[in-house]
Amino acid sequence: MPKDMTEKRDIFHRRESEARSYCRGMPALFTTARGSHLTDAEGRTWIDFLAGCSSLNYGHNDPDMKAALIDHIAGDGIAHGLDLHTDAKGDFLSAFETHILAPRGMDHRVMFTGPTGANAVEAAMKIARKVTGRTNVIAFTNGFHGVTMGALAATGNGYHRGGAGMDKAGVTRMPFDDYAEGVDSAALLDQMLSDSSGGIDAPAAIMFETVQGEGGLNAASPEWVKRIAEIAKTHGALLIIDDIQAGVGRTGTFFSFEEMGVMPDIVTMAKSVSGFGLPLALVLVRPEHDVFGPAEHNGTFRGNTHAFVTARVAIEKFWADDAFQRELADKAALITRALNDVAALVPGARLKGRGLMQGVDVRSGDLAGEICARAYDKGLVIETSGNEDQVVKVLAPLTTPVETFHKGFNILLDATRDAVTARAKLAAE
Ligand SMILES: Cc1ncc(COP(=O)(O)O)c(C=O)c1O
């Protein structure tokens, strides 16, 4: 490696906090990216099956979004406008109303929060508490909702929870769909809420992801989601669907709950909503629950004008008709087929997730980590999820061409084969 490259790398070890994570397993010095490919300073390329953890659903540097952003900047368009009216915000809201909300019969208002998913979750939980006058939020095993204090209370992961250094309040944890064998977790929740000695305080909200992204790609069944929505209604709680990772086409439709016959009171969105990897988060809230006063939940960067520009292009380019969604159905089927081949290499492995949010549970965090490490060495960026990091998780850009999917899955197959063989050899020694 050239000397200046080594020096460039040293700065990360010398100065960047120990809290850094992805870069430990993928130490390349990345410089450029386009579509589904990442390139490093030495000219090596990787196929990207991580997509900024679902923040780059339309791939890297989409040419139309890039052109619109460059035009906006070149024309001295507003870069930062607090929550002032700007043409960029107006154009985004119009596109979102026309192509996303109206066709789905959603009368929700759009509240811009601070630009992270966690901040959208904070806002959602606060709205539910203000609307109902109750404190308790029901969240589920393996749920991940972010790491700021309110959101962290709803997050199940013990490692993240441990980082808080204090009590996490206001949340009751219940088993997610299919969490415990033979337990109907919706019936259990209903029974406990209906029992005056069930011990659960009346909830302000019931909040969940329809597919648990960080929690191991656990996909709730439509029946479970519907029953939870009914339970929320019966018990006077708001239904919050956290679509931060599963939304924006990731499960095959714009919202992950679209074909489940439910209408959430609140939806949280972030990650891919800007379409370009720019920070933008929002909360969709039914008008009758839009109760915050001006700036009651504020944030200097609520509404990121550059992100509005790219988000508007993304909506108009991909969601103005159903062509993209139809493509997603074919790609989801391709992913299922390819992952079945991967799973066949690992005894006891099984497929998880749905749509373009699928993976393989290889029943061991060490093995999943080794598969991802070997894939990285062979030119594929891919990560794990799950309570033991035991799920190899595919989060490729939704725009990934079929050819590139095939190349990526060939690498994943090779990596899995090598990892399984290496472990078998080790066990035999
Ligand atoms: C479902 C879900 N909710 C909330 C968050 C938190 O988003 P952020 O990391 O932008 O704060 C994440 C992040 O992975 C997520 O997957």
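None of the figures in this text is laboratory data; all of them are computed from the coordinates on show. All of these numbers come straight from a predicted model, not from anything done at the bench. Positions of Cβ are backbone-derived with ideal geometry, glycine not excepted, and every protein chain shown enters the neighbour counts.
Points to keep in mind about this one:
- Structure-based [θ]222 nm, the chain - -39500 (n - 2.57) summed over DSSP H runs of at least 4, per residue, nearest 500: -12500 deg cm²/dmol
- Selected from 294, 175, 264 as most flexible by GNM, with the chain as the system and alpha-carbon contacts under 10 Å: 294
- On full extension, the segment bounded by residue 173 and residue 298 gains 42.2 nm, given 0.36 nm per residue less the C-alpha separation.
- The GluC sites (Glu not before Pro) of segment 173-282 meeting both criteria, a DSSP state outside H, G, I, E and B (loop) and at most 14 other C-beta atoms within 10 angstrom of the site's C-beta, are 181.
- Centre-to-centre separation between the Cα atoms of segment 274-305 and those of segment 156-189: 27 Å.
- Between the beta carbons of residue 9 and residue 192, assuming R0 = 51 Å, the FRET efficiency works out to 0.45 to the nearest 0.05.
- When Rg and the Kirkwood Rh are both derived from Cα coordinates, the Rg/Rh ratio for the chain amounts to 0.97.
- Using a simple spin-label model with pseudo-atoms 7 Å out from Cα toward Cβ, residue 424 and residue 73 lie 5.1 nm apart.
- Of the GluC sites (Glu not before Pro) in segment 1-45, the ones in a loop by DSSP (not H, G, I, E or B) with at most 14 other beta carbons within 10 Å are 16, 18, 42.
- With R₀ fixed at 56 Å, the C-beta to C-beta distance from residue 406 to residue 234 puts the FRET efficiency at about 0.70.
- Sum of side-chain charges, residue 296 neighbourhood, beta-carbon under 9 Å (Lys, Arg +1; Asp, Glu -1): +2
- Beta bridges per DSSP with both ends in the chain, % antiparallel, nearest 5: 65
- Range in the chain, longest, excluding exposed trypsin sites (Lys or Arg not before Pro) [loop by DSSP; at most 12 other beta-carbon atoms within 10 Å]: 45-429
- Candidates 362, 262, 392, ranked by Gaussian network fluctuation over the chain, Cα under 10 Å, top entry: 262
- C-alpha center-to-center spacing [segment 214-228, segment 103-152] in angstrom: 18
- Its alpha carbons give segment 64-318 an Rg and a Dmax of 18.3, 64 Å.
- Charge tally for residue 34 (other residues, Cβ to Cβ under 12 Å; Lys, Arg +1; Asp, Glu -1): -1.
- For the pair residue 40 and residue 159 in one chain, pulling the backbone fully straight at 0.36 nm per residue adds 39.8 nm over the alpha carbon distance.
- Top of 160, 306, 37 by mean-square fluctuation, Gaussian network on the chain, Cα under 10 Å: 160
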